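K.L.:
Below are the structure tokens for one structure; questions will follow.
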Amino acid sequence: VDDHARLVDVGPTLAHLVGVPDEELRDNDGLPLDGRPQTRFLDESATRSHVIGILWDGGHCGDLLHLAETGELPGVARLVEQGFALRGGAVAEFPSITLTNHTAILTGVGPGRHGVMGNVYFDRATGEQVVPNDESTWHRSSEWLLPGARTIFETVGDHLGDTGGLRTASVDEAIDRGADYSTMAVIRASGESGADALDDALPDPTTSPFLRNPAFLEDSYFRWGVRVDDLGLQQMLDLFADASAAPTLTWWANVVTDCGHHGGGPRSEMARDALRQADARLTVFLDHLEALGILDDVTILLTADHGFEGSDPACTGSWHSALDALEIPYRDEGPGLVYVI
């Protein structure tokens, strides 16, 4: 489809698919969301037993669709064959980085309303630097949401009421507030934090059936991403071991796609290896749903939080000298954010 959406539309669309009326798509202050359900793309007559949102962190829309069309991502091609893809992708919020857009997706509002201004930002109210996207704080990211922000898990949970089972699940997602099952809740309950949290539970990346090029494991971020995503797939298979007990809404975040693009850049072999890995895990899960006999009753939405673009290696230096020349007090807080103070 020659069209596009916005990332703030993703959460409201998932809620709509579950059956949440549009009038319930509001924040905690009762205000309408920035995002809207993209009903123009939906078959409203379809029967849906489960709705699954999948995020491939840092996934490059153009390259993903190219690889799907050339047969290198059969799982994505399978989804497109049974549904559709937006060639224009989804427009991210500013800054176009991880935690800002994870939060926008799962609250349906932009950073000015949800409060997570970046992976690193300055909180004017407290006068402190906030670093939610850190190995020691990732599992606590929901703590930085503004009071008015409301997650899709909270909205869906309130709509469904007490069902006596799992209504919502959040797999490997930092913005998990309100989810009945959450990977981050498991980490918080363990009392651990940092890179070693649940380290014993993460599989050996060298034996991963999804790894294509073992040489990429030399990159520590890529190595960690393989481990996290292998465990993420296992959580999904466990959540859907019994179709009758599976969550109505599930969100499944994948990280190795971000690792590959950071490590090699867009359209690099490392980035494409990561996309092929994610696709292979997706295929295993789709086959599992098919074996359960529920694949045709499950609606799946695949998105990313941001993309990547190449940079000019000859462009070096800093903007600090230009800012200093203005003789105006400022704070430089991470990518995209310079504060006048």
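K.L.:
Can you pull out every residue in segment 130-162 that is of a type outside the set (A, V, I, L, M), over 16 Å from THR103 (Cα atoms) and at pLDDT 90 or above?
P.N.:
Within segment 130-162, the first condition is being of a type outside the set (A, V, I, L, M), and the residues that meet it are 132-144, 147-148, 150-151, 153-155, 157-159, 161-162.
If we keep only those that are over 16 Å from THR103 (Cα atoms) too, we end up with 135-136, 157-159, 161-162.
Correct list: GLY157, ASP158, HIS159, GLY161, ASP162.
K.L.:
Another question about this same structure. Consider LEU25 against the criteria (1) closer than 21 Å to ASN254 by Cβ; (2) open to solvent by less than 30 Å² (accessible area, probe 1.4 Å): it satisfies all of them except one. Which criterion is unmet?
P.N.:
Failing condition for LEU25: (1).
K.L.:
From the set of residues in segment 129-140 that are open to solvent by 20 Å² or more (accessible area, probe 1.4 Å) and part of a helix (DSSP H, G or I), which is farthest from PRO335 (Cα to Cα)?
P.N.:
ARG140
K.L.:
Out of curiosity, is THR126 open to solvent by 50 Å² or more (accessible area, probe 1.4 Å), more than 29 Å from ASN28 (Cβ to Cβ), hydroxyl-bearing (Ser, Thr, Tyr) and assigned to a loop (DSSP other than H, G, I, E, B)? Steps first, please.
P.N.:
Values: open to solvent by 50 Å² or more (accessible area, probe 1.4 Å): yes; more than 29 Å from ASN28 (Cβ to Cβ): no; hydroxyl-bearing (Ser, Thr, Tyr): yes; assigned to a loop (DSSP other than H, G, I, E, B): yes.
In short, no.
K.L.:
Restricting to segment 302-340, count the residues that are surrounded by 10 or more Cβ atoms within 10 Å (Cβ to Cβ) and aliphatic (A, V, I, L, M).
P.N.:
5
K.L.:
If we scan segment 271-287, do we find a residue that is open to solvent by 30 Å² or more (accessible area, probe 1.4 Å), acidic (Asp, Glu) and outside any helix (DSSP H, G or I)? Don't jump to the end; show me each part of the working.
P.N.:
Taking segment 271-287 first, the residues open to solvent by 30 Å² or more (accessible area, probe 1.4 Å) are 272, 276, 283-284, 287.
Of the ones still in play, those that are also acidic (Asp, Glu) are 287.
Then keep just the ones that are outside any helix (DSSP H, G or I); that gives none.
No - not one qualifying residue is present in segment 271-287.
K.L.:
Which residue is nearest to ASP176 (Cα to Cα), if the candidates are limited to segment 100-123 and must be outside any loop (DSSP other than H, G, I, E, B) and more than 17 Å from the chain's Cα centre (by Cα)?
P.N.:
In the first step, residues of segment 100-123 are kept if they are outside any loop (DSSP other than H, G, I, E, B); the result is 100-107, 111-114, 121-123.
Subset that is more than 17 Å from the chain's Cα centre (by Cα): 112-113, 121-123.
On the way: GLY112: 19, ARG113: 17, TYR121: 20, PHE122: 23, ASP123: 22 Å.
Only one residue fits best here, namely ARG113.
K.L.:
Look through segment 27-58, keep the residues that are of a type in the set (Lys, Arg) and in contact with a Gly (Cβ under 9 Å, 6 or more places away or on another chain), and return whichever of them is nearest to GLY108 (Cα to Cα).
P.N.:
My answer is ARG36.
K.L.:
Next question, about the same structure. Being charged (D, E, K, R) and under 18 Å from HIS102 (Cα atoms) is the filter here, so list the residues in segment 1-25 that pass it.
P.N.:
Taking segment 1-25 as the starting set, the residues that turn out to be charged (D, E, K, R) are 2-3, 6, 9, 22-24.
Matches in segment 1-25: ARG6, ASP9.
K.L.:
If you take the residues in segment 141-173 that are in contact with a Pro (Cβ under 7 Å, 6 or more places away or on another chain) and open to solvent by 50 Å² or more (accessible area, probe 1.4 Å), which one is farthest from GLU192 (Cα to Cα)? Give the steps one after another, and end with the answer.
P.N.:
Of the residues in segment 141-173, the ones in contact with a Pro (Cβ under 7 Å, 6 or more places away or on another chain) are 141, 144, 166-169.
Checking the rest, the ones that are also open to solvent by 50 Å² or more (accessible area, probe 1.4 Å) come to 144, 166-167.
On the way: TRP144: 19, LEU166: 25, ARG167: 27 Å.
Residue satisfying both the conditions and the ranking: ARG167.
K.L.:
Looking at segment 35-56, is at least one residue loosely packed, with under 13 Cβ neighbours inside 10 Å and either of a type in the set (Gly, Ala, Ser) or within 18 Å of the chain's Cα centre (by Cα) (or both)?
P.N.:
yes
K.L.:
Further question on the same structure: Output the residues belonging to segment 91-120 that are farther than 20 Å from PRO32 by Cβ and either open to solvent by 10 Å² or more (accessible area, probe 1.4 Å) or among the acidic types (Asp, Glu) (or both).
P.N.:
Passing the criteria: ALA92, PHE94, SER96, ILE97, THR98, MET117, ASN119, VAL120.
K.L.:
Okay, moving on. Output the residues belonging to segment 260-270 that are open to solvent by 10 Å² or more (accessible area, probe 1.4 Å) and within 17 Å of the chain's Cα centre (by Cα).
P.N.:
In the first step, residues of segment 260-270 are kept if they are open to solvent by 10 Å² or more (accessible area, probe 1.4 Å); the result is 262-270.
Scanning segment 260-270 gives a single hit, HIS262.
K.L.:
Mind listing just one residue for me: the one in segment 234-267 that is hydrophobic (A, V, I, L, M, F, W, C) and part of a strand (DSSP E or B) and, of those, farthest from VAL20 (Cα to Cα)?
P.N.:
Among residues in segment 234-267 that are hydrophobic (A, V, I, L, M, F, W, C) and part of a strand (DSSP E or B), the one farthest from VAL20 (Cα to Cα) is ALA253.
The values are calculated or read from the model by the stated rules, or taken from the named source; none is laboratory data. Treat the numbers as computed from the prediction; the structure is a model and nothing was measured. Note: ideal-geometry Cβ built from the backbone for every residue, glycine included; neighbour counts use all protein chains shown. Protein only, heavy atoms only, side chains kept; ligands, DNA and RNA dropped before computing areas. Shrake-Rupley method; radii C 1.70, N 1.55, O 1.52, S 1.80 Å.
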